[in-house]
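Down below is the structure, laid out as C-alpha cells.
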Amino acid sequence: MDMKKFDELNYYEILKIPMNSSYFKIKQAYKDALSLYDQDSVPTYSLFTREERDEILKRINDAHSTLIDDNKRAAYDRMLVDSGQVEAPISFRTKQYQSSMRSSGSTMADKDRLQSKMKEKFSMESIQNLSKELFSKELLSGNDLKKFRKALGIDIMEIYSITKISISVLNAIEENRFDRLPPDIYLKNFLKSYAKILQLDPQKVVDGYFKTICLSHPADG
Amino acid sequence: MAKIYPIGGGKGGVGKSFITASLGALIAKWGKKVVIIDLDLGASNLHTLLGMQSPNIGLNSFLDKTVQDLESAAVSTSIPNLFLISSSHCYMEIANLFYAHKVKIIEAIKKLPFDYVFLDLGPGTNFNMLDFFLTSEEGILICTPEPTSIENSFRFIKTIYYRKLKQMIKKHIFNSLQKDFSEDAVKPGTTPSDIIEIALKHDPEKEGHLRSQLSKFKFKFIFNQFRNNLDATLGNQFETICNRHFYSFFEFLGYVSFDGRIQDAIFSKTLYVHRYPHTQSAADLKNIAAKIT
C-alpha cells in the first residue's frame, strides 16, 4: 500500500523523457534509468526486493526496446493517445484531421453511418446465429472476427477510419499472424476498439484472442 | 498562522539539531519571528548549539502549568527574533511522554503566534517522534549520503505513512472497519500494517481516500555532510525515486557541504553560520533557508 505501482507509468515516464525525444536521448535516458535501479545504486538499493527490482528493470528494458524501434514506437504513441493516457501531439492531431477530411466526412459521421447499417443486420436471424456460433467458444481467432465483420458487411477500411489502427495491424489480427502483432499492452486496446465496432464484449474478445495466441506458443506455457 | 517545519530523519547524528538551529538563525536574521522547539525528548541540546546555558523555563514549564501557554515557554536567544522552547529541564522520563501531554503539546504548537516554527525531533521512529512529525504536512527529512542513512529515510517515510493511516482509520472509519475485521479471521501477530492492508482490501473506495490523504504530504529533504567526491546527482535521483514510488510529493532542498569547522563551532558553542558566514556550507544553508521561506 505504501508504494506506488511502477507499471502505472508509461514508457516515457519510466525513462523521464518527453514524447518527442530523439533516439540519442532515449539511449542516454535508458542508461541513466539502468544505473538508477541497479542493485548497487545508492538511492535505490535498500528500497526494493530482488523481485521488485527485476520487475522494474524488465519494464525499463521494454520501454527502451519499444521506443528505439520506429514502428513499435509509433504504435505505442498511438495507443497512448487512443486510450486517453496522453493528449495527441499537434502533428498527430493534424494528420488525423486531414485524413478524416480526405475520407467521406468525420470519424463521428463514419461511426453513425456504420451503426445504422449494423442495426439492420443485427436483427437478421442469420447474423444472430453466426454470432452464437463464433463467440460462444472460449477461444477466439482472427478468422472468427473477420468472418463476423464480413457477415456484417463492414469493410476493413471502415474499421481503420474509426479506430485509426493501421491496416497492416488489422490484417495481422484477422489472419492470426501473431509475429506481426504489436506488444500485448496495445494489442489489447486495439482488440477492444475492434470489438466495440462489432458490438462484441471487448473483454471477452481480448481473453479469447489471447488464449489463441497462448495455444500457438505451447513452449511458452 | 505559523509555518511549521518538523525536522526529522531516521538516523541519529545526521545533523538535525545543527540544521534546525542554522535555518532558524538565518530566517530570524531576515526579520521573521522564529521559534525552534527541542523535541528530542530526553536528549535535548539545541540550547548548546545556540551557545546558551540550559534555560530555566521550557516545555516543562508548559506541562506543569508554571507558564500559561506554550508561547510563554519560549526564551529569547542571542539572535534577535529567534526564540527557543527547550526540553532540557523536563522530567527524566520525558522520553516516554504521556499521551495527554503529547496531544497538549501538538495542539499548542499549532497555535503558536510566530512566522516559523521548527521542531527538532529525535532519531528513530517511536510514536512520539512520528506524531510530532505529523503536526505539519511539510516535514523536512535530514539524511547523509551514506547508504545506511538513505535506507533509514525510506523506513522513516513508510513508518510515517503507517502512522498517518492508523490515525485516519481511528478517526473516521474505525467503526465500520471493526466489522470487517471480525469477519476476517485476523490472526494473532498481525502487525498494524497488515491491518491497514486488510482494511484497504475490503474497501477500495477508502483506499482512494487514504491515498489522497498521503498525497497531501510535501516531504522536503536535505543531504547533510556532503563531500565533493560524491555523485552530485544523488539528491535529484532520490527525489525522482521518492516521487515515483511513494504517494506524496518530495522536494530536494539541497546539499549542505561537509566542513570540519562545523564541529569546531559546536565545540566552541558558537553558531556556525555566524562564525563562518562566507563558507560553502553557510551558503548551502542560506539557499535552503531561502527555499522554505
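You will find that of B:Phe219, B:Phe267, the residue that is surrounded by 15 or more Cβ atoms within 10 Å (Cβ to Cβ), of a type in the set (Phe, Trp, Tyr) and modelled with pLDDT of 85 or more is B:Phe219 and no other. Output the residues belonging to the stretch B:134-150 that are among the acidic types (Asp, Glu) and touching a residue at least 12 places away in the same chain (Cβ under 8 Å). Within the stretch B:134-150, B:Glu137, B:Glu138 qualify. Residues in the stretch A:5-30 that are free of Cβ contacts under 8 Å to residues at least 12 places away in the same chain, surrounded by fewer than 14 Cβ atoms within 10 Å (Cβ to Cβ) and within 13 Å of chain B (Cβ to nearest Cβ) were compared, and the one that is nearest to B:Lys166 (Cα to Cα) is A:Lys5. Scanning the stretch B:36-55 for residues that are free of Cβ contacts under 8 Å to residues at least 40 places away in the same chain and out of contact with any strand residue (DSSP E or B) (no Cβ under 8 Å at 6 or more places or on another chain) gives B:Gln53, B:Ser54.
The criterion of at least 3 residues that are at pLDDT 80 or above is met by the following helices (runs of 4 or more DSSP H) wholly inside the stretch A:67-180: A:70-82, A:125-135, A:142-151, A:156-163, A:167-174. Of the residues making up the stretch B:250-293, those that are small (Gly, Ala, Ser) and over 21 Å from B:Leu141 (Cα atoms) number 3.
Within the stretch B:175-188, is even one residue at pLDDT 55 or above and under 30 Å from B:Ile36 (Cβ atoms)? Looking through the stretch B:175-188, none of the residues is at pLDDT 55 or above and under 30 Å from B:Ile36 (Cβ atoms). For the stretch B:28-39, residues that are touching a Ser or Thr at 6+ places or on another chain (Cβ under 9 Å) and surrounded by 24 or more Cβ atoms within 10 Å (Cβ to Cβ) total 4. Within the stretch B:253-260, can one find any residue that is among the polar types (S, T, N, Q) and within 14 Å of another protein chain (Cβ to nearest Cβ)? No - not one qualifying residue is present in the stretch B:253-260.
Residues that are on the phi < 0 side of the Ramachandran plot, in contact (Cβ under 8 Å) with a residue 60 or more places away in the chain and either assigned by TED's automatic domain parsing to the domain that holds B:Asp131 or touching a Cys at 6+ places or on another chain (Cβ under 8 Å) (or both) occur at least once in the stretch B:79-87.
Would you confirm whether any residue within the stretch A:26-37 is in contact with a helix residue (DSSP H, G or I) (Cβ under 7 Å, 6 or more places away or on another chain) and under 30 Å from A:Ile167 (Cβ atoms)? Yes, that holds for at least one residue.
Set side by side, the residues B:Gly8, B:Gly42, B:Gly12 differ, and just one is buried (at least 18 other Cβ atoms within 10 Å of the Cβ) and within 17 Å of the chain's Cα centre (by Cα), which is B:Gly8.
With respect to A:Tyr45, is the statement that it is touching a Leu at 6+ places or on another chain (Cβ under 9 Å) and within 30 Å of B:Ala232 (Cβ to Cβ) true? Spelling it out, it is not the case that A:Tyr45 is touching a Leu at 6+ places or on another chain (Cβ under 9 Å) and within 30 Å of B:Ala232 (Cβ to Cβ). Given the options A:Leu57, A:Leu36, A:Leu47, name the one that is closer than 30 Å to A:Asp179 by Cα and either at pLDDT below 85 or surrounded by 12 or more Cβ atoms within 10 Å (Cβ to Cβ) (or both). Answer to the check: A:Leu57. Meeting the requirement of 1 or more residues that are modelled with pLDDT of 85 or more, within 14 Å of chain A (Cβ to nearest Cβ) and under 14 Å from the mean Cα position of the chain (by Cα), the strands (runs of 3 or more DSSP E) wholly within the stretch B:67-169 are B:140-143.
The values are calculated or read from the model by the stated rules, or taken from the named source; none is laboratory data. Computed from a predicted model, the values in this text were never measured in an experiment. In this analysis, Cβ positions are derived from the backbone assuming ideal geometry, glycine residues included, and neighbour counts consider all displayed protein chains.
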